[in-house]
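Reading through the structure tokens given below for one structure.
The values are calculated or read from the model by the stated rules, or taken from the named source; none is laboratory data. From a predicted model like this one, the values you see are computed outputs, not experimental measurements. Cβ atoms come from the backbone with ideal geometry, glycine included; neighbour counts cover every protein chain shown. Side chains included, ligands, DNA and RNA excluded: accessible areas come from the protein's heavy atoms. Shrake-Rupley method; radii C 1.70, N 1.55, O 1.52, S 1.80 Å.
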Amino acid sequence: NALGGRYDAEDRLFAGYAMLDYPLTSRIRVIGGARVESSRIEVNTTSPENGLQAIQTVLQKTDLLPALALNTTLTPTQTLRLSATQTLSRPEYRELSPVGYLAEPIGGKRIRGNSNLDRALIRNLDLRWEWYPRAGEVLSVAGFYKHFNRPIERVLIQSADGNAPDVTFQNARAADN
């Protein structure tokens, strides 16, 4: 990297999933389940900016990620599906490492990770109508909504030296899509 720092990372993820598919009637099915994830990300950074002193960042979480879907057969060739799930998004190693690097070699912004980042939780709602006019053909119309809790975003920080602003990452409070 152009600013002389480096990092190495170790990422461990253990997960399990359980699911149940239950027909309520001949036309309506409920599918429910949950995934449990235990994650530990460790990033070790050394940089001349920190006097080559090692900085260790650890992000460790255990999350329960439920999912529920309701499938309805409208006609022999049409279905309607409503689903709600929770997923997550973890920061990248470079987003967790407080070492600086240049986005572009000449005149580019300096980018620096943030060791205080957390993973983002995402609640998803999906509604999908599907029509199967013939074998091998499908027409579908879908809509979705996502609510992000603590999403990771890039932010600009004005540098004191008058150069181009630095870029870093932070968790916003929430976002919707």
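Quickly run through segment 131-142 and pick out the residues that are over 27 Å from Leu88 (Cα atoms) and open to solvent by less than 70 Å² (accessible area, probe 1.4 Å). Reasoning before the result, please.
Filtering segment 131-142 for residues over 27 Å from Leu88 (Cα atoms) gives 131-139.
Listed by number, the list holds a single entry, Pro133.
Out of curiosity, is Leu156 aliphatic (A, V, I, L, M), within 30 Å of Tyr101 (Cβ to Cβ) and in contact with a Pro (Cβ under 9 Å, 6 or more places away or on another chain)? In short, yes. So for segment 143-151 (the condition being small (Gly, Ala, Ser), within 19 Å of Asn71 (Cα to Cα) and either open to solvent by less than 30 Å² (accessible area, probe 1.4 Å) or in contact with a Leu (Cβ under 7 Å, 6 or more places away or on another chain) (or both)), does at least one residue qualify? Scanning segment 143-151, I find at least one residue that is small (Gly, Ala, Ser), within 19 Å of Asn71 (Cα to Cα) and either open to solvent by less than 30 Å² (accessible area, probe 1.4 Å) or in contact with a Leu (Cβ under 7 Å, 6 or more places away or on another chain) (or both), so the answer is yes. Listed conditions (1) closer than 20 Å to Arg29 by Cα; (2) among the hydrophobic types (A, V, I, L, M, F, W, C); (3) surrounded by 15 or more Cβ atoms within 10 Å (Cβ to Cβ) are all met by Val99, apart from (1). Taking the criterion of being modelled with pLDDT under 95, in contact with a strand residue (DSSP E or B) (Cβ under 6 Å, 6 or more places away or on another chain) and of a type in the set (Lys, Arg), the only residue of segment 116-160 that qualifies is Arg154.
May I ask you to list the residues in segment 112-125 that are open to solvent by less than 60 Å² (accessible area, probe 1.4 Å) and either among the charged types (D, E, K, R) or touching a Gly at 6+ places or on another chain (Cβ under 7 Å) (or both)? Reasoning before the result, please.
Filtering segment 112-125 down to residues open to solvent by less than 60 Å² (accessible area, probe 1.4 Å) leaves 113-115, 117-122, 124.
Within segment 112-125, Asp118, Arg119 qualify.
Those strands (runs of 3 or more DSSP E) of segment 109-177 in which at least 1 residues are over 23 Å from Asn44 (Cα atoms), considering only elements entirely within it, cover 120-131, 139-149, 152-157, 174-176.
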